[in-house]
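The values are calculated or read from the model by the stated rules, or taken from the named source; none is laboratory data. None of the values given here were measured: they were computed from a predicted structure. Here Cβ is always computed from backbone atoms with ideal geometry, including for glycine, and neighbour counts include all displayed protein chains.
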Amino acid sequence: MTSLPFWKTKRLDQMDEAEWESLCDGCAKCCLLKLEDEDTGEIAYTRLHCRLLDAGTCKCSDYANRKLHVPDCVKLTPAGIEEIRWMPATCAYRLVNEGKDLPEWHHLRCGDRDRVHTEGHSVRGRTVSEETVFDEDQEDWIVDWEGNEP
């Protein structure tokens, strides 16, 4: 008899740190600059990534100290997931919180950490650093990632 994987048996707030961190699929969509329409509250994603993101690996270059370098970086917590409206529809944290399973390409299901990239579910190679663009030009970088969801 096989036991169910932890993401099917535990709530986010019941996971240990290793389980929590392993949920991240490495897509780096949460590291994109997002713009919010002040009138409608609509969130627009851009092709601009945080200055700490290594665009080739989709990893933060200083994950442990990211809040020191980027004070408005959002640290995901079980309590905050429901409040973060901009989480991508494919985000494992969001999916588990909604009682859904992880996608087939997620490394915890398929065993391949690169599959998120090879199947085009990450931003690898498709973004530029926010540091290279003037604030007034950020709207020019808005993109519809994978059809209405980042």
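Of the numbered conditions (1) touching a strand residue (DSSP E or B) at 6+ places or on another chain (Cβ under 6 Å); (2) surrounded by fewer than 19 Cβ atoms within 10 Å (Cβ to Cβ); (3) of a type outside the set (Asp, Glu), Leu48 satisfies every one except a single condition; which is it? Here Leu48 clears every test but (2).
Going by what's in this entry, would Lys67 be described as surrounded by 11 or more Cβ atoms within 10 Å (Cβ to Cβ), charged (D, E, K, R), more than 24 Å from Lys100 (Cα to Cα) and under 14 Å from the mean Cα position of the chain (by Cα)? So Lys67 does not fit the description; no.
Scanning region 36-45 for residues being closer than 21 Å to Asn97 by Cβ and either of a type in the set (Asp, Glu) or surrounded by 15 or more Cβ atoms within 10 Å (Cβ to Cβ) (or both) gives a total of 1.
Pick from region 1-35 the residues that are surrounded by fewer than 20 Cβ atoms within 10 Å (Cβ to Cβ) and of a type in the set (Lys, Arg): which of them is farthest from Arg94 (Cα to Cα)? Taking the candidates together, the pick is Lys34.
Would you check if there is a residue in region 124-133 being under 25 Å from Asp13 (Cβ atoms) and either without any contact (Cβ under 8 Å) to a residue 24 or more places away in the chain or in a helix (DSSP H, G or I) (or both)? No, because not a single residue in region 124-133 is under 25 Å from Asp13 (Cβ atoms) and either without any contact (Cβ under 8 Å) to a residue 24 or more places away in the chain or in a helix (DSSP H, G or I) (or both). Of the residues making up region 110-121, those that are touching a residue at least 12 places away in the same chain (Cβ under 8 Å) and either assigned to a helix (DSSP H, G or I) or aromatic (Phe, Trp, Tyr) (or both) are Val116, His117.
Table: residues versus (1) at pLDDT 90 or above; (2) surrounded by 13 or more Cβ atoms within 10 Å (Cβ to Cβ).
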residue: Ala79; (1), (2): no, no
residue: Glu82; (1), (2): no, no
residue: Ala89; (1), (2): no, yes
residue: Asp101; (1), (2): yes, yes
residue: Leu108; (1), (2): yes, yes
residue: His117; (1), (2): yes, yes
residue: Ser129; (1), (2): yes, yes
residue: Glu136; (1), (2): no, no
residue: Glu146; (1), (2): no, yes
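Within region 92-125, the set of residues being closer than 27 Å to Asp37 by Cβ and in contact with a Lys or Arg (Cβ under 7 Å, 6 or more places away or on another chain) comprises just one member, Val123.
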